[in-house]
Structures are given as C-alpha cells and as structure tokens.
Amino acid sequence: MSDLFFYGTLRHVPLLEAVLGRSSSELSLTPATLPDHIVSAVQGQDFPMIQQADGEQSAGLFVQGLSQSDLDRLAYYEGGFDYDLRPLTVTLEDRTQAQAQVFFPEPAAWVPDGPWFLDAWVERLGDVTALAAEEEMSYFERVAPADMARSMPAIQTRAWAKLFARQRQTGDARDVSKDVIVHRHHRAYVNYFAMEEIDLQHRQHDGTMGPVLRRASLMQGSAVAVLPYDPVRDKVLLVEQFRPPVFLLEDPEPWLWEAVAGMIDPGETPEQAAHREGMEEAGITFDALHYAGGGYSSSGSSMGYLYFYVGLASLTETTMAGGLDTEGEDIRSQILPFETFIDMVDRHVFKDLQLLNLAHWLGRHRDRLRR
C-alpha cells in the first residue's frame, strides 16, 4: 500500500474517483500541506506544476492506502503529462507529519506562469475534466499512455459536448432513467475520434419495452459552422479543403467547398468557437453572429451536434493558406456574390450539408440582414 499527496487537479474528488475507478468512500482522504513548495500554473496548460520554494507551503490532499492497481491507474493518467513520483514529507491537519509520494514534472517540461487556484479551475473545468478522465481510463491497459495522450484533446472536446447535451431539453416528458435500460456499454476504439457500442432497450410508443438492440456510435464533440456574409457587398465567403472520408467513399472530388467550421474546445461557448474558427480558417473578424439553429449531424450513427451561424463581416480578401498546421489543415477561401452562390446551390454544385443548410437560412433572412 502507498500514500500519495495531490496538489493539483486530482484534489478534485470527482476526478480522483474517475481516475481510480472507485468511490471516494473507499479511500482515506485528509487535507495536508507540503512545506517549502509552491503550486504554479503552467504556461499554455490548465493543470499546475509544483516547485521548490523555501518558506512556502502548498495545500493538497493526502490519500492513504492506495493499492498497486491504484498506482498503475494514476501512472497511466499522469503518464501523458510527463510527471514522475518523488517521496516527500507532508504535514497533516493535526500537525503530524507523514511520508507521501508526490507527482513532479520532468525537468524543464513546463514553464511556470503565476499562481494556480483549485477553486477557479474546478468552476471552469472540473466537470469536463472528470468526464474526460472517465473515458480516458476506460482504455487503461488497452491503449498505451503515449497514444492516449494524442487523443486527449478530442476526448476533452467530447466531454465538453456531453455537458452541453445535458442541458439540451425541449420539454419531452419521457425519463431516460426509467425508459432506457442499458445492458452493456463498451468503448471499442479511440484514435482522435472514438467508437462506442451499446446494448440497450428503450420504451416503445405502445408503452412496452422493446427488444435488446446492439448499436454503435461515432463519438465526437460539438462543432460550429458559420457562413461569412457581407450585407453591404452582398457576398459570402466559402472555404475549401480535402476531406479524407469523402475520398474513402471513392468520390472523385474530395476537395469540398464548405462554411467555416470547427470543434468547440473545452471552456468555449459556440459563439467563441465561431469567432476563433473565422480567424483560423479565413482570417475573418466577425462584426456579429446570427444564430441559424442547431441539430445532430447524423443522429443514427454519430453524437455530433452542430451550431449554425451566419457571421457578418467585411469580405474583401481571401486566403490560400488558412487553417492550423498542427491539425494538418490546408484551406483556401473564395468570395462569391450572393446570387452566384445561391445559383450554385440550386445547381447542386456543393456537397457539404452544413453549407447547404446555411445557404437556405441566409436566403430566407438576407433581406433583413441587409437592412
């Protein structure tokens, strides 16, 4: 058995439970401090780091009696963040001292960036981090830590999408806790996107429970799609990029003209994501965003949810090098007069459903936007 001192995000008990895969009621948890150390934010990251600092002390959580399985799970979770364990002496609430293992970053792995506060982090990212850890830890002993680390941004994006989905109510009186029975839930695959399988029954329209169904879903986060529109010049801007799934379908034209679009990052609102994507993909600053609705992109096979916007902007320049190199994006843009654009829609030139949806919304609201 081992005793550990947690100074960072693992002080958040729901996250600790997700990582260990068991309830905190089974653990011995005691507030403690680590003398001669401070906890700092990490430049460009949401988690903290610990540093030696004479005369200071860092607050934390002392957890006793962790098993080898617990340590293996913690190493798996922390392994993607370049941390190692070191033995140190901590001070407990009753002022007694105890030996504990402490996670430390690899030398020079991170750059400190001022103080870090647990309460502020929990308010902003506690729920989404615990949800993401639940998915990550489901691949423990199945996917190597380094491979899992590459999928973590997408996992966090999916967790953020789940928090949004929990608030997506329209008044349906049915209760999933009573009207859906889950027999098996298996996370089958992860590599940026993920596939999950489920065996379930759901209540049918005649009131009876239906047969057990086995279904699979592509797991992805929520996204925004925004069509840039210049109401003064009456023009739209489109972006074009290569789409591997379209190529895999053996479509001979896998370069698609689309609206500006992208995933909603953890901590972002859909509107913030729309503004960010406009700048990343096309170098555009939107003066205003008009919400054009939202919905599931393919509810029979994917959890993806899309928020649609028409973004008002001054459209005078295009780009041949939009997108992020880190995501392998190669995006160009073009500006079209609205009449040319809508004629191309009517002639079925475009193949992207997001773009077509926004085209029809703009066609209905264009006069209002121009006034």
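The values are calculated or read from the model by the stated rules, or taken from the named source; none is laboratory data. Bear in mind that the values here come from a model prediction, so they are computed numbers and not experimental data. Cβ: placed from backbone, ideal geometry, glycine included. Neighbour counts: every protein chain shown. Ligands, DNA and RNA are stripped out before the accessible areas are found, and what is left, the full protein with its side chains, is counted by its heavy atoms. Shrake-Rupley method; radii C 1.70, N 1.55, O 1.52, S 1.80 Å.
Here are a few things to note about the model shown:
- Among Gly300, Gly322, Gly278: highest mean-square fluctuation, GNM of the chain, C-alpha pairs under 10 Å: Gly300
- Answer label for Rg/Rh (Cα atoms, Kirkwood Rh) (calculated), chosen among [x] 0.98; [y] 1.04; [z] 1.01: [y]
- Its relative contact order, with pairs defined as Cα atoms under 8 Å and 6+ residues apart, puts the chain at 12 percent.
- Put simply, the C-alpha atoms of segment 13-120 give a gyration tensor, and the ellipsoid matching it has half-axes of 21, 19, 13 Å, longest first.
- Karplus 3J(HN,Hα) series, Hz, for segment 115-123 with 6.51 cos²θ - 1.76 cosθ + 1.60 (x for Gly, Pro): x, 10, 10, 4, 4, 5, 5, 4, 4
- Carbon/sulfur fraction of accessible area - the chain, other protein chains in place, 1.4 Å, %: 50
- Choice from Asp346, Asp70, Asp172 with maximal GNM fluctuation in the chain (Cα, 10 Å cutoff): Asp172
- Here the Gaussian network model covers the chain, with springs between Cα atoms less than 10 Å apart; of Leu353, Leu200, Leu249, Leu249 fluctuates the most.
- Estimated distance in nm for a label pair at Phe242 and His205, the labels positioned 7 Å out from Cα along Cα-to-Cβ: 4.6
- The residues of the chain have, on average, 53 Å² of accessible surface per residue, using a 1.4 Å probe with all protein chains present.
- Solvent-accessible area of Ser299 with every protein chain in place, 1.4 Å probe, in Å² to the nearest 10: 100
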